[in-house]
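Asks: This is the structure I have questions about; it appears just below.
Each reported figure results from applying straightforward, stated rules to the coordinates on display, with no laboratory input. Predicted model, so just to flag it, every value in this text is computed and none were measured. Every residue, glycine as well, gets a Cβ built from its backbone with ideal geometry; the counts of neighbours run over all protein chains shown.
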Amino acid sequence: MSTRLEKGDAAPDFTAPTDQGSFTLSDLRGKHVVVYFYPAAMTPGCTTQACDFRDSLSALHAAGYEVVGVSKDTPEKLAQFREKEGLTFTLVSDPELEIQKLYGAFGEKSMYGKTVTGTLRSTVVVSPEGTVELAQYNVKATGHVAKLRRDLKIDA
């Protein structure tokens, strides 16, 4: 299992493959970064959440936020997800679950009444200095982006 991050913690830096090359979190120092973790591309809940981020991207960018999605999917599957849903933000591949564990986004959860181990749908907002501004775990796919925008005081 992994330890959850809290406001003020140093956000772990990482470099990982994407569907378009490679991504390093520290390359975005000086910007706010929304790093969100989702279980699997092209599933109903993950598609809803990704499309909500896509549809809110202009408002997030206007407020100075970048968005990065992280899942265990291969870069090839992420490319299919991007193409199918018209996603325009970074999608990171974490097949070994290393980033998810660093961010506390992997552990026990309840699915259909059973306890299972897997990706915890989570969002961590990283400050321009590289510390955690906000950490939300076990969020709902539907309505999460709207709630996040309210929490960050980002208007439409």
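Asks: How many residues does the range 52-78 hold that are assigned to a helix (DSSP H, G or I) and either aromatic (Phe, Trp, Tyr) or surrounded by 22 or more Cβ atoms within 10 Å (Cβ to Cβ) (or both)?
Replies: 2
Asks: What are the pairs, 6+ residues apart or on separate chains, where a residue within the range 49-76 that is closer than 15 Å to residue 142 by Cβ has its Cβ under 9 Å from a residue that is among the polar types (S, T, N, Q) and not in a helix (DSSP H, G or I)?
Replies: Close Cβ pairs (under 9 Å, with a partner that is among the polar types (S, T, N, Q) and not in a helix (DSSP H, G or I)) amount to 49/142; 52/142; 54/88.
Asks: Ok, one more. Select from the range 116-141 the residues that are in a loop (DSSP other than H, G, I, E, B) and in contact (Cβ under 8 Å) with a residue 40 or more places away in the chain and write down the one among them that is farthest from the chain's Cα centre (by Cα).
Replies: 129
Asks: Within the set of pairs 6 or more residues apart or between chains, which connect a residue that is over 17 Å from residue 61 (Cβ atoms) inside the range 20-32 to a residue that is surrounded by 12 or more Cβ atoms within 10 Å (Cβ to Cβ) and among the acidic types (Asp, Glu) with Cβ atoms less than 9 Å apart?
Replies: Qualifying pairs under 9 Å: 24/13; 25/13; 26/13.
Asks: Considering only residues that are under 13 Å from the mean Cα position of the chain (by Cα) and assigned to a helix (DSSP H, G or I), which ones fall in the range 84-100?
Replies: Across the range 84-100, the qualifying residues are 99, 100.
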